[in-house]
1. Scan the chain and note any complete DSSP helix (H) whose C-alpha atoms cover at least 27 Å along its axis and whose Kyte-Doolittle average is 1.6 or more.
2. Apply 1/(1 + (r/R0)^6) to the Cβ-Cβ distance of Ala770 and Leu195, taking R0 = 60 Å, and write down the FRET efficiency to the nearest 0.05.
3. Greater than 27 Å separation of Cα atoms is the criterion. Which listed pairs, Lys396/Lys725; Lys362/Lys396; Lys709/Lys765, meet it?
4. Given a 1.4 angstrom probe, what's the average accessible area per residue across the range 48-196, in square angstrom?
5. With a cut-off of 8 Å between alpha carbons and a minimum separation of six or more residues, what is the relative contact order of the range 646-798 in percent?
6. Name the long-range amide H neighbours of Gln344: under 5 Å, sequence gap of 5 or more, or other chain; modelled H, no Pro or chain starts.
7. Which loop trypsin sites (Lys or Arg not before Pro) in the range 502-533, with loop taken from DSSP, have no more than 12 other Cβ atoms within 10 angstrom of their Cβ?
8. In square angstrom, what is the accessible area per residue of the range 412-452 with a 1.4 angstrom probe?
Amino acid sequence: MRKVLLAGLWLVALAIVGIVLWTRVVDRYQRDGTLQLAILSAPVRVVRDDQGIPYIYAESLDDAIRAQGWVTAQDRGFQLEFERYLSSGRLAELVGEPALEADIELRLAGTRRHGERQAAMLAPADRRFYELYLEGVNAYVAGQGHERQFGFGLLGMAPQPWTLEDVMTLQMFLNWQSAVNLQAELVAQELSDRLGPARAAELAQVTINPDDGGTAGLEPVPAFASVAAPALELRADAGWFRTGQKALELGSNQWVMSGGRSASGAPVLVNDPHLDARTLPGIWHPVGLITPEFRAVGAAGPGIPGIAVGRTSHLAFGVTNAYADVVDLFIETEDPDQPGRYLQGDESHPFEVIEENVRVRKRPGSSEFREVPLRIRLTHRGPVISDHGMGVAAGKLLSMRWSAIEAMEADTGAWALFTAEDVAAARRAIGRSTAPYNYVIADMAGNIAHATGGRVPVRRRGDGSRPVAVTDGSDAWDGFVPWDAMPGQVNPARGWVGNANHRTVGRDFPTPYSTFFAASWRYRRMLELLESKPAFTPEEHWAFMRDTKNPMAARIAPLMSAALTAHPDTRAAGEVLAAWDHADEPGAAAPAIFQSVYRHFARRVFEDDLGPDLAARYLGSYYLWHERLALLLEEPDSDWFDDQRTPGRESRDDLFHLAALDALAELRPALGDDVRRWAWGKVHTVTFFSPLVPGAAAAGILGGGVHPKEGSGETLNRATFRFDKPYAATSIASLRMVADLGDPDRVMAVLTGGASGRQFDPHLKDQTPAWLNGEPRYWWFSDAAIAEHRASELTLTP
């Protein structure tokens with residue numbers, strides 16, 4: 001036994017020595033000294049701070065953008081290559097079968113096809129912006145191959161030069177990922193097929209604008225009732241009904257406060273983009289771009305020049321998803337007499353057909369592949385998605401129409417936003433974008449604003465909530481909402497403007513804008529906090545992003561508690577809820593009780609009427625039912641609470657009691673028998689993992705570990721879990737940022753991981769502890785602050 005133990009210790013020691021030696025040659029790169037970079041017109045300095053964040057000093061903005069491309073490839077080369085496969089619908093070529101469904105969806109959407117179209121038509125300013133960046137990326141790929149990055153060898157791949165088509169494909173992909181109502185439209189059609197339009201309307205999403213009380217979804221007769229739409233008999237594979245976020249799907253809280261309500265006397269802008277940001281190092285690459293005339297410090301998306309969130313010499317801006325409805329579905333009819341054609345009324349038209357092959361790696365790291373043929377049929381509206389993993393009524397088809405590809409223009413607004421000098425110029429630039437994003441903006445003159453990008457169709461038929469039947473050759477769209485008529489405001493009287501993916505359109509908006517928004521809970525809490533006193537410090541804004549008060553629980557928990565305390569077997573749980581302050585803190589028992597009971601309650605409310613499969617798809621999209629169910633609770637004897645599978649008649653409180661029993665059975669094995677000793681953070685966790693080995697198993701070795709997580713999907717400190725996979729947090733703040741334009745030296749900011757994407761770099765996850773405990777970190781803005789925190793300096797010479 002002693003020999004076995006000694007042998008084991010030797011093996012451990014050898015493994016440790018091997019890892020140390022390996023990390024000395026893998027994922028190391030030059031941070032000091034001098035390197036030649038022939039693409040430059042003058043020397044460039046890359047100063048890194050103690051977090052590894054690069055601040056690029058150049059004599060011209062052209063050279064700064066070139067160097068940004070080079071530094072991005074140095075820091076995030078593997079992430080860049082992964083995103084190229086992902087955005088082009090080629091991920092199965094890299095990781096195999098698990099990515100095939102997502103690849104097919106992107107081939108149908110046409111991210112690569114339309115990225116190539118966009119690249120061909122780019123206006124000169126945007127084209128030069130992207131090409132300068134690509135010069136830097138490709139110079140690194142060509143010249144620094146000796147700076148090995150661990151992921152390439154592990155997956156049997158090598159970095160390749162980037163093209164303008166690659167970058168525009170990535171932009172189209174990000175645009176597509178923020179068009180999030182497709183699943184809701186499919187579910188709406190299924191509900192209509194099963195329940196009939198009128199009954200299905202009782203389950204339509206309710207959306208609320210708390211600022212003016214405007215609502216949608218409460219109409220007793222559905223808004224689409226005037227459109228003759230036949231039952232489609234829709235049967236879709238599970239791949240069309242994700243219960244979590246799409247890759248890089250954006251959501252967020254954001255607000256901007258005027259100088260009159262800020263301690264510094266200057267505007268303060270706050271943004272915490274919510275994404276599935278559990279993969280290290282995170283979504284964003286922090287960077288500074290500094291010339292004698294201009295500076296920008298913020299977070300960039302690897303593969304995209306400039307910054308997506310941050311502060312420049314002239315202004316600050318943040319971004320989130322507007323949830324504008326930019327995708328519609330249409331019920332088409334095949335021509336029964338002429339194969340290969342479809343009907344528009346009495347007119348017969350040929351399908352356009354695209355033939356492609358999807359390459360699928362047999363297993364990660366393997367050199368063996370199989371080819372999956374893909375045949376895409378298109379009508380005048382777009383690709384026929386029902387050919388792929390769907391069943392529909394005989395002779396019917398379902399096509400998809402996406403506004404971004406029809407509204408594509410040469411000027412994308414990218415360069416104009418990056419270099420905008422005031423709020424007015426930034427709003428015009430945002431108005432050129434086809435991506436459905438919300439922005440908040442502040443400029444150095446003290447102006448603040450909200451602006452919305454994207455191209456929302458002016459619908460002649462339907463409201464976008466479910467598929468519309470094609471009955472003739474007329475266009476269902478009448479152009480697009482003009483950019484200056486999109487939701488937005490400048491210098492509001494109350495001194496701030498913000499949003500949380502909720503309904504931002506007013507009650508008098510003249511055309512259907514969207515029927516799919518986030519529930520209003522987070523925005524309601526934002527209102528409470530930002531109206532609580534006249535002025536705030538940056539530190540208070542920082543604390544607000546980590547606020548855990550749950551407005552939905554404040555409304556529902558008293559009803560739940562009363563129902564539970566009425567029964568001996570759930571009384572203890574009811575008493576815990578009654579004493580709760582409605583903060584979703586990790587050490588509290590009440591959030592675990594509330595979230596589990598409400599989840600089981602929702603399932604019991606809808607499963608008997610919809611069946612388990614359709615109920616799972618409906619409940620898998622939280623936004624569809626959160627406000628609807630909260631309103632149903634006001635009718636304790638509603639028919640929806642009666643379980644059709646039992647002989648008796650159940651009420652709301654009966655289902656609360658049964659759901660509590662479900663919750664106790666679910667959580668007692670993990671949390672113990674005494675509900676008063678439960679802790680939310682024991683089941684509600686966040687896991688930070690390596691992209692090379694996803695999941696919790698290796699998170700403690702290659703990732704950032706598994707941690708208790710405060711908050712929930714209804715708190716400003718957002719931590720949403722999937723309905724079908726409770727209670728691990730997936731949608732979280734990918735970064736937190738507070739930009740006080742009155743502070744000349746810094747921006748408060750922290751990432752989920754770090755600046756570097758190299759597996760064995762200390763800056764892969766050095767910001768994770770601060771993200772977890774709420775400690776503010778900083779992006780340095782002034783020359784003096786950057787110099788003070790300088791940890792290394794590399795000079796790039798022509």
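1. Answer set is 2-25.
2. Details: r = 49 Å, r/R0 = 0.82.
Approximately 0.75, to the nearest 0.05.
3. Lys396/Lys725; Lys362/Lys396
4. 29 Å²
5. Working: 195 pairs, mean separation 19.2, N = 153.
Relative contact order, the range 646-798: 13 percent.
6. For Gln344, the qualifying residues are His349.
7. Counting only loop positions with at most 12 other Cβ atoms within 10 Å, the trypsin sites (Lys or Arg not before Pro) in the range 502-533 are Arg507.
8. I get 29 Å² per residue for this part.
The values are calculated or read from the model by the stated rules, or taken from the named source; none is laboratory data. On a predicted model such as this, the values are computed, not experimentally measured, just so you know. As a convention, Cβ positions derive from the backbone with ideal geometry for all residues, glycine included, and neighbour counts pool all protein chains shown. Heads up: the accessible areas ignore ligands, DNA and RNA and are worked out on the full protein's heavy atoms, side chains in. Shrake-Rupley method; radii C 1.70, N 1.55, O 1.52, S 1.80 Å.
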